[in-house]
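The values are calculated or read from the model by the stated rules, or taken from the named source; none is laboratory data. The model shown is predicted, which means the values in this text are computed figures rather than measured ones. Here the Cβ positions follow ideal geometry from the backbone for every residue, glycine too, while neighbour counts run over all protein chains shown.
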Amino acid sequence: MTEIRHTLKGRPVQFDLQQTPLHWIPGDVFSTHLINAIHILLPEGELWFCRVYNQALPLVTDPQLREDVQGFIHQEAIHARAHTKAQDYLRQHDMDIEQATARVRWLFRDLLGDNPLGQTWLANAATRKHWLVMRVGIIAAIEHFTGCLGQWAMDSKGWDDADPVMADLFRWHLAEEVEHRTVAFDLFEHLCQTQLGFYASRQALMALVFPLFVAITAEVAKSLARQDSDPQAQIVARWSLPRFLRQMERAGNSSDHVPAFSVLVRATLRWLSPSFHPQYEGNTEQALAYIARSPAAQAAH
């Protein structure tokens, strides 16, 4: 299946979360805090995407890919701003997110920054280029999950009874993840010198990204639940990671408020194939149709 190419562009959006309750998915404390954790992870992460891609742009020799990368950067910057404003929504509900955001900031600015942990091993140009390409590969692995989660959100009806503004924020964002799902993969392949090196590198990076992505998201969600006086939230806050993932699987299969954990596992297994390409992981037309009717996108226009 070859989809018709279209130009990626950043779209202005407006979200008013003043009336959005903390438990914006009614009756589901677990799913609410799990998804709200994304507000803490994404702003720093997506701005890091933009910084890395701006450094990679001079290395892109394909004009079409270069245009896609520029469109990707514009979209990710807008996503970061939207979720930064959503952090204020968490603060308005007396959520102390400063410690969690500081840890995320350390991850993306220090550990994964241009000079990780202040080390001097990036002194020469060749080493700096390898570090840049490695970070592009990390983004490709992360974007595989955001694209798959985007398609889940396009297919799911689980948020139909949730707060409409917050549901629209996530659906709009995830629709754009489906829209640009091939860019990170294509850029990483473009910058790798050999197909064998590309395949081996993306498998090694996924082996790192998948467990960290799951563990960090769960820990941030539990940090939010810990501050929630709801008795069920207090239970969630004490769960071990395996217990947390079992609940994610149950919630995904019963309420469809979050994707089942097995959805992420199957997505990871598909990544293992040498013939894998994210083009086949989502429906661009379906994503664009949602963007066209998104209340936030319409309000911005």
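Within the range 39-51, identify whether any single residue is surrounded by fewer than 20 Cβ atoms within 10 Å (Cβ to Cβ) and more than 21 Å from THR101 (Cα to Cα), and answer yes or no.
The answer is no; no qualifying residue exists.
One residue is enough: does the range 66-88 have a residue meeting the conditions charged (D, E, K, R) and part of a loop (DSSP other than H, G, I, E, B)?
no
Residue-by-condition table, conditions (1) free of Cβ contacts under 8 Å to residues at least 40 places away in the same chain; (2) in a helix (DSSP H, G or I):
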residue	(1), (2)
GLY158	no, no
ASP161	no, no
GLU176	no, yes
ARG181	no, no
ALA184	no, yes
LEU187	no, yes
GLY197	yes, yes
ALA200	yes, yes
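Going through the range 253-275 one residue at a time, which ones are more than 15 Å from HIS144 (Cβ to Cβ) and crowded, with 17+ Cβ neighbours inside 10 Å?
Listed by number, the residues that qualify are ASP256, HIS257, VAL258, ALA260, PHE261.
Would you check if GLU76 is without any contact (Cβ under 8 Å) to a residue 40 or more places away in the chain and under 14 Å from the mean Cα position of the chain (by Cα)? Step through it out loud before you land on a result.
Values: without any contact (Cβ under 8 Å) to a residue 40 or more places away in the chain: yes; under 14 Å from the mean Cα position of the chain (by Cα): yes.
Yes: the conditions hold for GLU76.
If a residue must be of a type in the set (Ser, Thr, Tyr) and either touching a Ser or Thr at 6+ places or on another chain (Cβ under 6 Å) or more than 15 Å from VAL29 (Cα to Cα) (or both), how many such residues does the range 211-247 contain?
Counting residues in the range 211-247 that are of a type in the set (Ser, Thr, Tyr) and either touching a Ser or Thr at 6+ places or on another chain (Cβ under 6 Å) or more than 15 Å from VAL29 (Cα to Cα) (or both) gives 2.
Residues to consider are ARG250, ARG238; find the one that is charged (D, E, K, R), surrounded by fewer than 17 Cβ atoms within 10 Å (Cβ to Cβ) and under 16 Å from ILE35 (Cα atoms).
Just a single option satisfies the conditions, and that option is ARG250.
Which of the residues belonging to the range 98-132 are in contact (Cβ under 8 Å) with a residue 60 or more places away in the chain and of a type in the set (A, V, I, L, M)?
Residues satisfying the conditions are ALA100, VAL104, LEU107, LEU112, LEU132.
Give the residue that is surrounded by the fewest Cβ atoms within 10 Å (Cβ to Cβ), with candidates limited to residues of the range 67-116 that are basic (Lys, Arg) and either in contact with a helix residue (DSSP H, G or I) (Cβ under 6 Å, 6 or more places away or on another chain) or under 26 Å from VAL13 (Cα atoms) (or both).
Filtering first and then ranking leaves ARG91.
Can you name the helices (runs of 4 or more DSSP H) wholly within the range 221-301 that have at least 2 residues being at pLDDT 95 or above?
Numbers: elements: 231-237, 241-254, 261-271, 284-293, 295-300.
In the range 221-301, the matching helices (runs of 4 or more DSSP H) lie at 231-237, 241-254, 261-271, 284-293.
Please specify each residue of the range 90-118 satisfying the condition of being in a helix (DSSP H, G or I), over 19 Å from the mean Cα position of the chain (by Cα) and at pLDDT 95 or above.
Within the range 90-118, ARG91, GLN92, GLU98, GLN99 qualify.
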